[in-house]
Amino acid sequence: MHGVHDLGGMHGFGPVAREENEPLFHAAWEARVCAFEEILCGDDRSFTLDAFRAGIERMAPANYLRASYYERWLASIESNLIHEGVLTNDELEARIDLLRRDPDAVPPPAVVAPPPAPRAQPPSPPAAAPSFMVGDAVMTRNVHPTGHTRLPRYARGKRGVIQRLHGAQTFPDTNAHGLGAHPQPLYTVQFPARELWGESAEPGQSVSLDLWESYLERAPN
Amino acid sequence: MANDPEQEPYVALRAKALESLLIEKGLLTAEAVDEHIREFEQDIGPLNGARVVARAWVDPGFKARLLQAGAAIGELGIPGGGNLVVVENTPAEHHLVVCTLCSCYPWAVLGLPPTWYKSFAYRSRAVIEPRAVLREFGLEIPDGVTIHVHDSSAEVRYMVLPERPAGSERLSEAALAALVTRDAMIGVAKVAMPDAAAVAAG
């Protein structure tokens with residue numbers, strides 16, 4: 001999707017601010033949210049890493065930009081768990097209300113039901129053999145999917161050269177939406193900066209991206 | 001990065017509410033969360049990466065295997081190198097790592113990323129004006145040096161093998177590892193000798 005997360009090449013964010021001797025986390029809740037993600041996210045867990053990223057990308061742009069890093073994580077964990085039917089928004093709001101009124105409230109003992117099994121992914125055909133070799137010239141497709149994708153906007157419809165083959169890997173564009181892993185050959189593709197940024201490119205620069213086969217087509221000679 | 005302290009109590013409350021519900025539903029326990037946090041706190045950050053770099057500087061055979069496949073970090077007892085690609089800085093080529101779409105980072109060798117790496121400014125600018133970004137880090141890359149920016153768009157993770165500093169010939173592997181910084185392994189800094197006098201003496 002053309003989300004605000006797709007930041008490569010955008011202007012206006014100012015200098016890169018650094019913090020000396022930065023702590024690992026800036027608040028206790030950040031560490032807990034980081035742990036929730038480690039526990040809940042994975043291929044056989046409550047949601048996949050691709051779905052987790054897609055959840056962050058679905059945040060309304062103004063919210064994405066306003067939120068801190070781990071607030072975005074929390075938002076995606078919540079939306080994925082709601083999507084998977086693990087909890088409802090009403091439950092969450094009710095629990096927030098309860099703990100706001102009484103921070104020490106101990107909720108009624110749970111009716112412990114086994115957690116819902118992760119949604120089964122549709123089966124995927126085995127990956128095809130790679131169509132490209134190191135040194136092949138390729139064009140990225142000029143596509144504009146409305147769902148999750150890992151082909152950044154700045155690198156669509158651009159000519160590059162295959163630099164490395166990585167074997168078949170899960171395709172995020174389907175996996176993020178519960179449509180199956182559909183593994184495809186993954187390649188490192190190198191682009192001259194001039195191909196991406198034209199006259200604005202700094203001299204002597206390349207950008208490389210790791211791209212799945214279906215993002216690519218053979219470049220015309 | 002937006003970090004409004006006034007929002008924090010609410011987001012902390014939301015995190016607490018979520019944890020309470022997830023415990024109730026049997027999806028996690030407070031103890032499991034605490035255990036993960038202990039692991040984060042014991043995270044040795046970039047020290048593993050520094051050991052890898054120092055070994056590559058003193059052992060050409062290891063360096064060749066490392067540049068061929070990041071899984072060579074397993075030789076140092078470091079797991080998680082299966083998806084690692086190590087790229088070498090030279091006098092002619094400088095490598096820089098970014099993730100424009102989110103915050104992909106080589107945890108196995110560098111630990112959790114610093115906030116600046118996840119910032120909108122770094123993510124947006126590293127691919128379009130790397131020289132300007134590096135200048136802000138105090139690193140001037142001469143025009144004759146090619147800059148290769150690696151935008152981590154899949155599950156491959158990148159680590160930079162920095163240049164060994166001049167004057168470090170007599171240092172032990174452990175002393176070399178102590179010189180290697182996280183920033184040098186992301187590509188926003190070079191590795192320097194502790195002071196210029198040491199370089200002159202060498």
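Computed from the coordinates by the stated procedures, all read-outs in this text should not be read as laboratory data. Computed from a prediction, not measured in an experiment: that's the story for all the values here. Cβ coordinates were reconstructed from backbone atoms using ideal geometry, including for glycine residues, and neighbour counts include every protein chain displayed.
Judged by a Cβ-Cβ distance under 4.7 Å, the unpaired cysteines of chain B are B:Cys102.
Seen against the Cα atoms of chain A and their longest principal axis, helix A:69-83 is set at about 80 degrees.
Across chain B, C-alpha contacts under 8 Å between residues 6 or more apart give a mean separation that, scaled by the residue count, equals a relative contact order of 23 percent.
Name the shape class, rounded, prolate or oblate, that the alpha-carbon gyration tensor gives for segment B:1-125, where a ≥ b ≥ c are the square roots of its eigenvalues, rounded holds for a/c under 1.5, and otherwise prolate holds if a/b is larger than b/c and oblate otherwise. Because a/c hits 1.5 or more and a/b fails to exceed b/c, segment B:1-125 counts as oblate. Shown for B:Asp151, A:Asp102: other C-beta atoms within 10 Å of each C-beta, ranked fewest to most, produce the order A:Asp102, B:Asp151.
Would you mind checking the tilt of helix A:89-101 against the longest principal axis of the Cα atoms of chain A, expressed as 0 to 90 degrees and rounded to 10? Value to nearest ten degrees: 50. Among the DSSP helices (H) of chain B, none spans at least 30 angstrom by Cα along its long axis with an average Kyte-Doolittle hydropathy of -0.5 or more; this is a geometric and hydropathy rule only. Shape of segment A:1-117 from its Cα gyration tensor (a ≥ b ≥ c, root eigenvalues): rounded if a/c is under 1.5, otherwise prolate when a/b > b/c, or oblate? It comes out prolate by the Cα gyration axes. Measuring spread by the Cα atoms of segment B:47-201 yields a radius of gyration and Dmax of 15.0, 46 Å. Each label was represented as a point 7 Å from its Cα along the Cα-to-Cβ direction; for A:Asp97 and A:Arg156 these points are 4.2 nm apart. Using the Cβ of B:Asp151 as centre and a radius below 13 Å, the other residues enclosed give a net charge of +4, where K and R count +1 and D and E count -1. Full extension of the chain between B:Asp43 and B:Trp107 yields a length gain of 22.1 nm, computed as 0.36 nm times the residue separation minus the alpha carbon distance.
Distance from the alpha carbon centroid of segment B:126-161 to that of segment B:13-38 works out to 38 angstrom. Normalising the average separation of contacting C-alpha pairs (under 8 angstrom, six or more residues apart) by the number of residues puts the relative contact order of chain A at 19 percent.
With a simple spin-label model that places each label point 7 Å from the Cα along the Cα-to-Cβ direction, the separation between A:Asp44 and A:Val134 comes to 3.5 nm.
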